[in-house]
Amino acid sequence: MADAPRTLYIAAWDDRFLAWLVDVVLVGAIVASIATATGLRSAVFDPITYAPPTVGGNGLALFVYWTALEGYQGQSAGKLVVDVAVTDERGDPIGYGTAAVESFGKAFLLPLDVIIGVLAYEEEGLRLFNKLSSTIVVETADTETQPEGVEYVYPSEK
């Protein structure tokens, strides 16, 4: 007997943006604090110039951060706040290798990643590097507060 089909709800772009923003602010604050505390100032880690988050040390820090957390549990701090997660196309967890591919685009090439994704995969709600890594970003349900035998379906913008 086959399992019932799984229902996955693709996360809305505004939820994904908010998760990204939380992560960028968090990691940026950590990188700036380390740079200030160590006196390290260069084109890579200069907290005074506020380089865009995808440049230099900030981009590298974000890449490592997203690869580690999303490869481990599918969620960064921003994704936890917004209740979304990265999964494979079947809704199963991803590993570190897949997370690295998926994270590369948003850490270093975000404008191109999003523009190409919106133009080429608008109906699917994917960035280019989601497509390349065969990942999706889905809404998550808080299973701890759900009564047994009940499945909640959350609305999603498409």
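Bear in mind these aren't lab numbers, they're just calculated from the coordinates by the rules spelled out. If you're wondering where the values come from, they're calculated on a predicted model, not measured in any experiment. When we count neighbours, we look across all protein chains shown, and the Cβ atoms used for this are built from the backbone with ideal geometry, even at glycine.
In summary, the convex hull built on the alpha carbon positions of region 94-143 has an orientation-averaged projected area of 4.0 nm².
A simple packing score, the average count of other Cβ atoms within 10 Å per residue, orders the peptides 62-75, 14-27 as 62-75, 14-27, with the highest score first.
Straightening the chain between S33 and L60 buys 8.2 nm, computed as 0.36 nm per residue apart minus the Cα-Cα spacing.
A Förster radius of 25 Å combined with the Cβ-Cβ distance from R90 to E123 puts the calculated FRET efficiency at roughly 0.85. Can you compute the FRET efficiency between L80 and V101 using 1/(1 + (r/R0)^6), with r the Cβ-Cβ distance and R0 = 22 Å? Round to the nearest 0.05. Computed FRET efficiency for L80 and V101 comes out at 0.55. For the pair L21 and R6, label points projected 7 Å from Cα toward Cβ lie 3.0 nm apart. Across the alpha-carbon set of region 13-141, the Rg to Rh ratio works out to 0.99, Rh being the Kirkwood radius.
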